[in-house]
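The values are calculated or read from the model by the stated rules, or taken from the named source; none is laboratory data. Fair warning: this is a prediction, and the values are worked out from it, not measured in the lab. All Cβ positions, glycine included, derive from the backbone under ideal geometry; neighbour counts span all protein chains shown.
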Amino acid sequence: MNEITGQKLPREFYLKSTVTVAKELLRKTIVYNSSSGIIAGDIVETEAYVGREDPACHAAVGKTDRNAVMFGPGGFSYVYFIYGMYNCFNIVTEQEGFPAAVLIRAVEPVAGIDILMANSPAKDSKFSNGPGKFCRAFGITREHNGLDLCNNTIYIIDQKVKAPEIGISPRIGIKKAKEKPWRFFDCDSCYISGK
């Protein structure tokens with residue numbers, strides 16, 4: 001297990017292009033100061049969803065109560081519920097008024113392993129290799145929607161590890177705009193959610 005040290009990412013990190021943020025989040029560490037203790041994991045897979053012109057982006061339908069946080073400035077959480085059973089954690093990106101976000105698809109656990117295992121019914125160690133599994137293991141729900149990631153509940157730090165070899169593929173698990181090559185992953189991670 002790694003020691004959780006590093007610089008918290010500043011607001012400016014999240015205000016860049018969504019595709020850039022999606023790549024640069026790889027091997028950054030997401031930390032959650034939960035009521036049960038500190039949980040953390042290295043982000044190893046992301047997907048970019050970029051603005052109203054992206055048919056797969058929730059903002060394509062315009063501003064709603066569900067997606068309103070996407071229209072604010074970067075650096076806030078966007079959590080939504082799908083299929084009647086899974087939460088998905090996204091990071092809002094870019095400038096206020098331009099709705100975009102990065103979906104966290106998978107993380108490698110680095111702290112709070114006992115908490116993660118208790119939260120997850122998975123029988124093996126791969127309890128955070130998918131967006132729904134990640135949220136379940138970390139205990140993330142819609143109550144975590146709209147959190148400022150520059151504060152101290154959920155935040156992301158840079159531990160200055162070696163830059164990963166980044167794999168690129170079309171996005172997966174969606175029906176629209178599947179051809180866009182906006183899924184990014186650490187080629188060396190065994191926690192990737194798909195091929």
With respect to ASP65, is the statement that it is in contact with a helix residue (DSSP H, G or I) (Cβ under 8 Å, 6 or more places away or on another chain), more than 19 Å from SER193 (Cβ to Cβ) and either among the acidic types (Asp, Glu) or in a strand (DSSP E or B) (or both) true? no
For region 44-78, how many residues are surrounded by fewer than 20 Cβ atoms within 10 Å (Cβ to Cβ), over 19 Å from GLU143 (Cα atoms) and acidic (Asp, Glu)? 1
For ARG105, indicate whether it is under 13 Å from PHE134 (Cα atoms), basic (Lys, Arg) and either in a loop (DSSP other than H, G, I, E, B) or touching a Ser or Thr at 6+ places or on another chain (Cβ under 8 Å) (or both). yes
Test: residue in region 50-68 that is over 30 Å from GLU165 (Cβ atoms) and of a type in the set (S, T, N, Q): yes
For region 149-195, what are the residues that are outside any loop (DSSP other than H, G, I, E, B), out of contact with any helix residue (DSSP H, G or I) (no Cβ under 9 Å at 6 or more places or on another chain) and in contact (Cβ under 8 Å) with a residue 60 or more places away in the chain? TYR155, ILE157, PHE185, ASP186
Could you tell me whether PHE71 is under 14 Å from LEU149 (Cα atoms) and among the aromatic types (Phe, Trp, Tyr)? no
Could you please let me know if TYR32 is buried (at least 17 other Cβ atoms within 10 Å of the Cβ) and under 19 Å from GLN159 (Cα atoms)? yes
Within region 79-91, restricting to residues that are in contact with a Phe, Trp or Tyr (Cβ under 6 Å, 6 or more places away or on another chain) and of a type in the set (A, V, I, L, M, F, W, C), the one that is surrounded by the most Cβ atoms within 10 Å (Cβ to Cβ) is CYS88
Qualifying positions in region 108-139 - over 16 Å from the mean Cα position of the chain (by Cα) and either assigned to a loop (DSSP other than H, G, I, E, B) or among the acidic types (Asp, Glu) (or both): GLY112, ASP114, SER120, PRO121, ALA122, LYS123, ASP124, SER125, LYS126
Pairs, first closer than 11 Å to ILE39 by Cβ and surrounded by fewer than 21 Cβ atoms within 10 Å (Cβ to Cβ) in region 115-131, second of a type in the set (Val, Ile, Thr) and modelled with pLDDT of 85 or more, C-beta under 6 Å, six or more apart: ILE115/ILE39
